[in-house]
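Structure first, commentary second.
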Amino acid sequence: MCGRFGFNTSKKLIAEVFGLDLSALPDLPARYNIAPTLDVPVVRRDGRRKLDMLRWGWKPGWSKTVLVNARSESAAEKNTFKRALAERRCVIPATGFYEWRREKDAKQAFWIHRKDDRPLAFAGLWTTEQDDAGNPRDACLILTTGPNKVMEPIHDRMPVILAPDDLDTWLEGAAGFQDLMQPCPAAWLRADAVSSYVNSVKNQGPKCLEPA
């Protein structure tokens, strides 16, 4: 799964990796501990690629909780997700994500990121729903898959992470986009144990990445 991630990179690099117009990008402040229900940067395609801020997590009428992840293996079969998978795919940029490994008396947090520290591209879906005041609001979630060799010792799920060369295939729904919903190569990633400071969603800043 993916229940917390970070976003801390330059607009120039985001524009380069995600094929965006640098001059059109909003200010993107560093964020080290992004939790569900917050607004996050999302890349969509509407004639050309653009970056919008969407709420992370959507709440279908049948659900008592906000959905922040969807299993990629079954998304095409679930009424909640199948139309979005067919028509409303997106990419969620991130610097890295956190996952917790259950140990004897506690959980150890890990920061999973690219070895070259370039941004990750999470495969996502988006929808339009109503906020508490009845106004339309776009929301997104992250597709997950089974673990690669880096993630296996930590957790049995991980985000679907796309290669930059596959973004067009994913966003445009070209033939074979379903084949992208699998674990990324383990060689891309590194997992660093970090301190328990990140465990609280109230805690922010570079201290979230301090080694355990």
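The values are calculated or read from the model by the stated rules, or taken from the named source; none is laboratory data. Source: prediction; values computed, not measured. Methodologically, a virtual Cβ is constructed for each residue, glycine included, from the backbone with ideal geometry; neighbour enumeration extends over all protein chains shown.
Yes or no, residue by residue, for (1) modelled with pLDDT of 95 or more; (2) farther than 17 Å from Gly173 by Cβ; (3) not aromatic (Phe, Trp, Tyr):
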{"site": "Ile34", "(1), (2), (3)": "yes, yes, yes"}
{"site": "Leu38", "(1), (2), (3)": "yes, yes, yes"}
{"site": "Pro41", "(1), (2), (3)": "yes, yes, yes"}
{"site": "Met53", "(1), (2), (3)": "yes, yes, yes"}
{"site": "Trp56", "(1), (2), (3)": "yes, yes, no"}
{"site": "Trp62", "(1), (2), (3)": "no, yes, no"}
{"site": "Ser72", "(1), (2), (3)": "yes, no, yes"}
{"site": "Phe81", "(1), (2), (3)": "yes, no, no"}
{"site": "Cys90", "(1), (2), (3)": "yes, no, yes"}
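Report yes if Asp156 is touching a helix residue (DSSP H, G or I) at 6+ places or on another chain (Cβ under 9 Å), surrounded by fewer than 20 Cβ atoms within 10 Å (Cβ to Cβ) and not in a strand (DSSP E or B), otherwise no. Walk me through how you get there before you give the answer.
Numbers: touching a helix residue (DSSP H, G or I) at 6+ places or on another chain (Cβ under 9 Å): no; surrounded by fewer than 20 Cβ atoms within 10 Å (Cβ to Cβ): yes; not in a strand (DSSP E or B): yes.
No.
Residue pairs, Cβ under 8 Å, 6 or more apart or interchain, first in segment 188-207 and more than 17 Å from Arg31 (Cβ to Cβ), second surrounded by 15 or more Cβ atoms within 10 Å (Cβ to Cβ) and among the polar types (S, T, N, Q). List them.
Leu189/Asn148; Ala193/Gln108
Just checking, how many residues over segment 82-130 are part of a strand (DSSP E or B), in contact with a Pro (Cβ under 8 Å, 6 or more places away or on another chain) and in contact (Cβ under 8 Å) with a residue 12 or more places away in the chain?
Within segment 82-130, residues that are part of a strand (DSSP E or B), in contact with a Pro (Cβ under 8 Å, 6 or more places away or on another chain) and in contact (Cβ under 8 Å) with a residue 12 or more places away in the chain number 10.
Going by the conditions given, is Asp138 crowded, with 17+ Cβ neighbours inside 10 Å, out of contact with any strand residue (DSSP E or B) (no Cβ under 7 Å at 6 or more places or on another chain) and at pLDDT 95 or above?
Details: crowded, with 17+ Cβ neighbours inside 10 Å: yes; out of contact with any strand residue (DSSP E or B) (no Cβ under 7 Å at 6 or more places or on another chain): no; at pLDDT 95 or above: yes.
When the stated conditions are applied, Asp138 does not pass them.
Restricting attention to segment 31-48, report how many residues are touching a residue at least 60 places away in the same chain (Cβ under 8 Å) and surrounded by fewer than 18 Cβ atoms within 10 Å (Cβ to Cβ).
Of the residues in that region, 2 qualify.
Residue by residue through segment 58-67, note down the ones that are surrounded by fewer than 21 Cβ atoms within 10 Å (Cβ to Cβ) and under 18 Å from the mean Cα position of the chain (by Cα). It would help to see each step written out before you state the result.
To start, the set of residues in segment 58-67 that are surrounded by fewer than 21 Cβ atoms within 10 Å (Cβ to Cβ) comprises 59-67.
Once the filter is applied, which keeps residues that are surrounded by fewer than 21 Cβ atoms within 10 Å (Cβ to Cβ) and under 18 Å from the mean Cα position of the chain (by Cα), segment 58-67 yields Lys59, Val66, Leu67.
Sort through Val194, Val160, Val201 and tell me the only one that's under 30 Å from Ala106 (Cα atoms), over 19 Å from the mean Cα position of the chain (by Cα) and β-branched (Val, Ile, Thr).
One residue alone meets the criteria, Val194.
Give me the pairs, please: first residue somewhere in segment 1-29 and over 16 Å from Asp116 (Cβ atoms), second residue anywhere and in a helix (DSSP H, G or I) and among the basic types (Lys, Arg), beta-carbon distance under 6 Å, and either six or more positions apart or on two chains.
Filtered contacts from segment 1-29: Leu25/Lys11; Leu28/Lys11.
Which of the residues that make up segment 173-212 are surrounded by 16 or more Cβ atoms within 10 Å (Cβ to Cβ) and charged (D, E, K, R)?
Passing the criteria: only Arg190.
Scan Asn148, Asn203 and give me the residue that is touching a Leu at 6+ places or on another chain (Cβ under 8 Å), more than 20 Å from Cys90 (Cβ to Cβ) and not in a strand (DSSP E or B).
When all the criteria are applied, what remains is Asn148.
For residues that are without any contact (Cβ under 8 Å) to a residue 12 or more places away in the chain and outside any loop (DSSP other than H, G, I, E, B), scanning just segment 169-183, find the one that is farthest from Trp100 (Cα to Cα).
Thr169
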